[in-house]
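The values are calculated or read from the model by the stated rules, or taken from the named source; none is laboratory data. Remember, it's a predicted structure, so these values are computed and weren't measured experimentally. In this analysis, Cβ positions are derived from the backbone assuming ideal geometry, glycine residues included, and neighbour counts consider all displayed protein chains.
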Amino acid sequence: MKAAYYTGNKTFAIESVQPVAPGEGEVQVSVAYCGICGTDLHVFHGVMDARVGTHRVIGHEMSGKIAAIGQKVHGLEIGDPVVIRPLAACGACPACQRGHTHICQNLKFLGLDTDGAFQQAWTVPAHTIHKIPADLSIEHAALIEPVAVACHDVRRARLIAGEDALVIGGGPIGMLIAMVAGHVGAKVTVSEVNAHRLGLAQSLGFATLNPKEVNVAEKIYAQTADKGADVIFEVSGTQAGVDTMTEAAATRCRIVMVAIHGTKPTVDLFKFFWREIELFGARVYEAEDYEEAIKLVASGAIDCNSIITDVRPLEKITDAFQALSGNALAMKSLIKCS
């Protein structure tokens, strides 16, 4: 079979390798599609070489079908269409003992700490498998992982119908958060500087604000009768986004920190005191978020076609990463693995 190995210096090498036969408690999946995420791009640009090395199959936003099943695996059959929740917890640390295995203190992320899905067959622990409906587009199913991220973020926010939600940052995750929040019944506004992404948000029915042109906090207060946003998702990863999240917050606003900030931002803690604001961290997802994501994608609540920018074959993976890097018009690129 073919596998794409990240080899450093913004390159991948396509190699012929033997598929890994599933051992006890494992399943081999024939990978159909795998999406390129922001973390994958960081790997491509050499930022994570100390973690992943320079001979690693990365990728985790995948869909496919079961090709082989190891011993002591139950409830799965060859040919089942599936997605994979790429987390391997230790099961023994304090976080795991409290039931928070998705933020295990020794968590291994499949596709970063182990080989991943940019290959034609991927062998994984059976507990990572989620079956999907047979009639669900296998291409659209490759978006279930990032949709699960959005589901987890919205669930952390305790968002309910009728609330005013502000999404700061309209990239792929921000746009998916907006869709999930809209499905819940929130009144969603997306703050974004990229004109293409603003247009996409508008086409999906969301109110939009460009912080280069307006004061976002003032506009949020104006459109909410001087109340502010009930829930805010910070997805931009910028100091300006962090400033906006406190400025636009309603009394007892719930703020969810989605973005990974490379440097420590300055936060207006006085606003947290004065308005009794709550701040939540949100990292990856839990099993229930995956199941919710599957339902939303299968029902059409997520506009998958608006998120998928292009699809390229495994042999063109380096071209796909190069084309996606710094592309202001791109959202999500998929690699067709088999």
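Here are the numbers:
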| read-out | value |
| --- | --- |
| Which numbered condition residue 262 misses (of (1) in contact with a helix residue (DSSP H, G or I) (Cβ under 7 Å, 6 or more places away or on another chain); (2) loosely packed, with under 15 Cβ neighbours inside 10 Å) | (1) |
| Qualifying residue in segment 32-41 (condition: small (Gly, Ala, Ser), crowded, with 16+ Cβ neighbours inside 10 Å, in contact with a Cys (Cβ under 7 Å, 6 or more places away or on another chain) and not in a loop (DSSP other than H, G, I, E, B)) | yes |
| Residue ID - surrounded by the most Cβ atoms within 10 Å (Cβ to Cβ), chosen from residues in segment 274-312 that are among the charged types (D, E, K, R) and part of a helix (DSSP H, G or I) | 289 |
| Selected residue (criterion: surrounded by the most Cβ atoms within 10 Å (Cβ to Cβ)) from residues of segment 196-229 that are among the β-branched types (Val, Ile, Thr) and assigned to a loop (DSSP other than H, G, I, E, B) | 224 |
| Meets criteria (touching a residue at least 12 places away in the same chain (Cβ under 8 Å), assigned to a helix (DSSP H, G or I) and under 21 Å from the mean Cα position of the chain (by Cα)) for residue 329 | no |
| Residue in segment 230-241 that is assigned to a helix (DSSP H, G or I), exposed (fewer than 15 other Cβ atoms within 10 Å of the Cβ) and not assigned by TED's automatic domain parsing to the domain that holds residue 182 present | no |
| Residue within segment 61-83 that is touching a helix residue (DSSP H, G or I) at 6+ places or on another chain (Cβ under 8 Å), within 19 Å of residue 285 (Cβ to Cβ) and in a loop (DSSP other than H, G, I, E, B) present | no |
| All positions within segment 121-145 that are within 15 Å of the chain's Cα centre (by Cα) and buried (at least 24 other Cβ atoms within 10 Å of the Cβ) | 141, 142, 143, 144, 145 |
| Test: residue 174 is at pLDDT 95 or above, out of contact with any Asp or Glu (no Cβ under 6 Å at 6 or more places or on another chain) and over 25 Å from residue 65 (Cβ atoms) | yes |
| Residues that are small (Gly, Ala, Ser) and in contact with a helix residue (DSSP H, G or I) (Cβ under 7 Å, 6 or more places away or on another chain), drawn from segment 285-299 | 293 |
| Residue pairs meeting the criteria (Cβ under 9 Å; at least 6 apart or on separate chains; first closer than 20 Å to residue 71 by Cα, in segment 1-25; second surrounded by fewer than 14 Cβ atoms within 10 Å (Cβ to Cβ)) | 22/71; 23/71; 24/71; 24/72; 25/71; 25/72 |
| Residues that are on the phi > 0 side of the Ramachandran plot and basic (Lys, Arg), drawn from segment 290-323 | none |
